[in-house]
Amino acid sequence: MSLKGKVALVTGSTSGIGLGIAHALAAQGADIMMNGFGDAAAIERLRQETAARFGVRVAYSGADISKPAEIEAMVAATQQQLGALDILVNNAGIQFVAPIEAFPPEQWDRVIAINLSGVFHATRAAIPGMKQRGWGRIINIASAHGLVASAQKVAYVAAKHGVVGMTKVAAVELAGSGITANAICPGWVLTPLVEKQLQDRAQREGMTVEAVRHDFLAEKQPLVEFTTPEQIGALAAFLCSDAAATITGAPLSIDGGWVAQ
Ligand code: NAD
């Protein structure tokens, strides 16, 4: 497989799963528009390292995915700086944990804005260019929580179920245009987003992170192992290949058996 000549925009690619996907697509030759928050010097180092390691062009946009106008500007900047936008990976996401009756409305708005509305705004802006070129891949990073619920994650679960629904609509609308839309639904991946949940639990239970790690995984996943960002990157790269040309509208689980139960 080669993605040489293709351009991929990966939202939230300064960390975790997004960075794993950016590297996997760059390894196949795709030029990359990175996005996400973090220390400016560290991001610039990451941009240069990625470009040098994979021999591709790498640009960066600091767009805030909770702001529609910034998303539109990021899509335009991708097309201007890298020549096109062929692969859109909607990955940026946040978590907030509280029972419904104590869930702060402003946190609900924030999670929905980034995890759900941001996916819509980026997809809306990216489709015309993909249609013009007759080829495109939309890959939405949903979650096992796009298919089943957990307590205390009302905004996240609602947003991720919404992302799975939006993916299906995009697949139906875009059928025959050379563009596919799919959702990847990971189980636990050890990234900063999950490390915080592990640390909170260890603190709550007065235990070490190592001690709570097994129960944390085993409660949800028959296969008591974290999926890695590299494995998710490999699945995203596969979805960009010709072998995956007829996979569309699919929520693809990579979750250690989480939703099989
Ligand atoms: P992470 O915290 O490591 O990375 C999140 C990325 O999103 C970072 O680059 C961050 O800067 C960026 N981001 C956050 N808010 C942003 C905003 N407003 N604008 C632009 N960028 C923003 O988290 P992760 O675990 O790598 O999560 C990536 C995606 O995978 C999320 O959508 C998450 O819901 C999903 N996911 C994660 C897991 C897991 O176990 N880690 C499981 C299932 C799904």
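State all residues of segment 229-261 that are open to solvent by less than 30 Å² (accessible area, probe 1.4 Å) and either outside the structural domain of residue 169 (by TED's automatic domain parsing) or closer than 29 Å to residue 216 by Cβ (or both); if no residue qualifies, say none.
Selection gives 229, 232, 233, 236, 237, 239, 250, 255, 256, 257, 258.
Which residues, counting only those in segment 151-190, are surrounded by fewer than 19 Cβ atoms within 10 Å (Cβ to Cβ), among the β-branched types (Val, Ile, Thr) and in contact (Cβ under 8 Å) with a residue 12 or more places away in the chain?
172
Would you confirm whether or not segment 141-149 contains a residue that is small (Gly, Ala, Ser), in contact (Cβ under 8 Å) with a residue 12 or more places away in the chain and surrounded by fewer than 14 Cβ atoms within 10 Å (Cβ to Cβ)?
no
For segment 39-54, state whether one or more residues are of a type in the set (A, V, I, L, M), within 28 Å of residue 180 (Cβ to Cβ) and either in contact (Cβ under 8 Å) with a residue 40 or more places away in the chain or not assigned by TED's automatic domain parsing to the domain that holds residue 236 (or both).
no
Go through (1) within 18 Å of the chain's Cα centre (by Cα); (2) outside any helix (DSSP H, G or I); (3) within 16 Å of the ligand (Cβ to nearest atom); (4) not charged (D, E, K, R) for residue 180 and report which single condition fails.
(3)
Tell me, yes or no, whether segment 149-157 has at least one residue that is closer than 17 Å to residue 65 by Cα, in a helix (DSSP H, G or I) and within 15 Å of the ligand (Cβ to nearest atom).
Scanning segment 149-157, I find at least one residue that is closer than 17 Å to residue 65 by Cα, in a helix (DSSP H, G or I) and within 15 Å of the ligand (Cβ to nearest atom), so the answer is yes.
Filter segment 172-206 down to the residues that are more than 30 Å from residue 127 (Cβ to Cβ) and either of a type in the set (D, E, K, R) or touching a Lys or Arg at 6+ places or on another chain (Cβ under 8 Å) (or both) and list them by number.
Matches in segment 172-206: 188, 195, 196, 198, 200, 201, 204, 205.
List every residue pair whose Cβ atoms sit under 6 Å apart, with the two residues 6 or more apart in sequence or on different chains, where the first one lies in segment 241-261 and is assigned to a strand (DSSP E or B) and the second, anywhere, is open to solvent by less than 50 Å² (accessible area, probe 1.4 Å) and of a type in the set (Gly, Ala, Ser).
Qualifying pairs under 6 Å: 251/183.
Within the group 27, 8, which residue is in contact with a helix residue (DSSP H, G or I) (Cβ under 6 Å, 6 or more places away or on another chain), within 20 Å of residue 231 (Cα to Cα) and surrounded by fewer than 24 Cβ atoms within 10 Å (Cβ to Cβ)?
27
How many residues are closer than 30 Å to residue 175 by Cα and of a type outside the set (A, V, I, L, M) if we restrict to segment 220-257?
Total meeting the criteria: 15.
What's the total number of residues in segment 127-148 that are part of a helix (DSSP H, G or I) and over 20 Å from the mean Cα position of the chain (by Cα)?
Selection size over segment 127-148: 5.
Could you grab me the full set of residues in segment 97-116 that are open to solvent by 60 Å² or more (accessible area, probe 1.4 Å) and assigned to a loop (DSSP other than H, G, I, E, B)?
97
May I ask you to say which residue of 124, 204 is modelled with pLDDT of 95 or more, open to solvent by 10 Å² or more (accessible area, probe 1.4 Å) and in a helix (DSSP H, G or I)?
124
The values are calculated or read from the model by the stated rules, or taken from the named source; none is laboratory data. Just so it is clear, the structure is predicted and the values come from calculations on it, not from any experiment. Every residue, glycine among them, receives a Cβ derived from its backbone with ideal geometry; neighbour counts consider all protein chains shown. Accessible surface areas use protein heavy atoms only, side chains included; no ligands, DNA or RNA. Shrake-Rupley method; radii C 1.70, N 1.55, O 1.52, S 1.80 Å.
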